[in-house]
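Asks: Below is a structure I'd like to ask you about.
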């Protein structure tokens, strides 16, 4: 009888309520609710409106009461003589932007990691991140200050050295370089912080071991920092590829001042659709173009992710 009582006393008491892991999971789940609601309201529910691209939309009839027209609305984009140029400009500028932003942001992140005093790092971060909060309208005025034919800073510098003033807003060839430069300047700060955070997460013992083995600064960057940054670079690039058919409207509209002489370089799908929508007020063609951009972006992400998964599965998005 005593043995039985001893066995009963040694049994662990059952804990009431949720376990520690369950409580943590519940707390994290509650924190995700605002984000889930945001995506539902602004991303998933509006997807039902994509049917406008296949209808002859009439405000009086509403979305569902309007007649179906199939793919007729897509003719606005593909029947245009400018379709090839628009697609090329959009894809070309986006590919250049993805490459340049990644290259410059990684270089900046590595540089900030080499700075010993953290006060300097915070100063650099603030200076680099500030352009992200400047409106493209303001950037357009900055561009005017730089490129104005008579009073622009660049032409004044050229004149000071005895050169002739350049009609920047009438000469397309320069804008193959000006547009990417403004794009990199605007976005490199945020991207560099992502890479810098990844570098900060690298175990310092790895660098200490490399120093013991005789590795110099460049050797540590080449054999430790860059290889460990590669998964983050791939993921960031894959996310950017999803917007390969969507150009930054503000960059291509406000910076070149919507100059017709520069359309051969600066005219992209977004600016072309905006001008057509402003002139004709055709919502269906705009919706068709937006749907086309989204579908192409989805195909590009899935394709690139499949390629990455085949060669380096740990760096794939899914």
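Read the figures in this text as sums done on the coordinates, not as results from a lab. A quick note: this is a predicted structure, and the numbers were derived from the prediction, not measured. Cβ atoms come from the backbone with ideal geometry, glycine included; neighbour counts cover every protein chain shown.
Asks: For Kirkwood radius over Cα pairs in Å, the listed values are (i) 24.3; (ii) 20.4; (iii) 22.0; which was obtained by calculation from the structure presented?
Replies: (i)
Asks: For a quick protection proxy, order the peptides 77-89, 290-302 by their average other-Cβ count within 10 Å, most packed first. Spell out each step's value before the answer.
Replies: Values: 77-89: 14.5, 290-302: 16.4.
In descending order of packing, they fall as 290-302, 77-89.
Asks: Still on this structure, I have one more. Given a cut-off of under 8 Å on Cα pairs at least six residues apart, what relative contact order in percent is computed for the stretch 76-315? Show your work: numbers first, answer last.
Replies: Numbers: 233 pairs, mean separation 72.6, N = 240.
In percent, rounded to a whole number, it is 30.
Asks: Where a ≥ b ≥ c are the square roots of the eigenvalues of the C-alpha gyration tensor, would you call the stretch 139-180 rounded, which needs a/c under 1.5, or, failing that, prolate if a/b is larger than b/c, or oblate?
Replies: Cα axes put the stretch 139-180 in the oblate bin.
Asks: Let me ask something else about it. If packing is taken as the average count of other Cβ atoms within 10 Å, what order do 171-180, 28-37 fall into, highest mean first? Intermediate values should be presented prior to the final figure.
Replies: Details: 171-180: 16.2, 28-37: 9.4.
Top of the packing list down: 171-180, 28-37.
Asks: Here is a follow-up. Which log10 I(q)/I(0) values does the stretch 164-285 give at q = 0.15, 0.17, 0.18 Å⁻¹ under the Debye formula, counting every alpha carbon as one identical point scatterer?
Replies: Log10 of I(q)/I(0), two decimals: -0.83, -0.94, -0.99.
Asks: Cα axis of helix 136-147 to longest principal axis of the chain: angle in degrees, 0 to 90, nearest 10?
Replies: 50 degrees
Asks: Same structure again: Hey, in the GNM for the chain with a 10 angstrom Cα cutoff, which one of 216, 73, 94 fluctuates hardest?
Replies: Largest GNM mean-square fluctuation: 216.
Asks: Hey, what D do you get for the stretch 204-261 in µm²/s if you plug the Kirkwood alpha-carbon radius into Stokes-Einstein at 10 °C and 1.306 mPa s?
Replies: Here the translational diffusion coefficient equals 106 µm²/s.
Asks: In addition: Compute the convex hull volume of the Cα atoms of the stretch 14-169, divide it by the residue count, and report the result per residue in Å³ as a whole number.
Replies: Details: hull volume 48.8 nm³, N = 156.
Each residue corresponds to 313 Å³ of Cα convex hull volume.
Asks: When the helices in the chain are scored as -39500 (n - 2.57) per DSSP H run of 4 or longer and the sum is shared across all residues, what 222 nm value do you end up with, to the nearest 500 deg cm²/dmol? Walk me through the numbers on the way to the answer.
Replies: Numbers: 16 runs with 206 residues, N = 318.
-20500 deg cm²/dmol, from helical runs alone.
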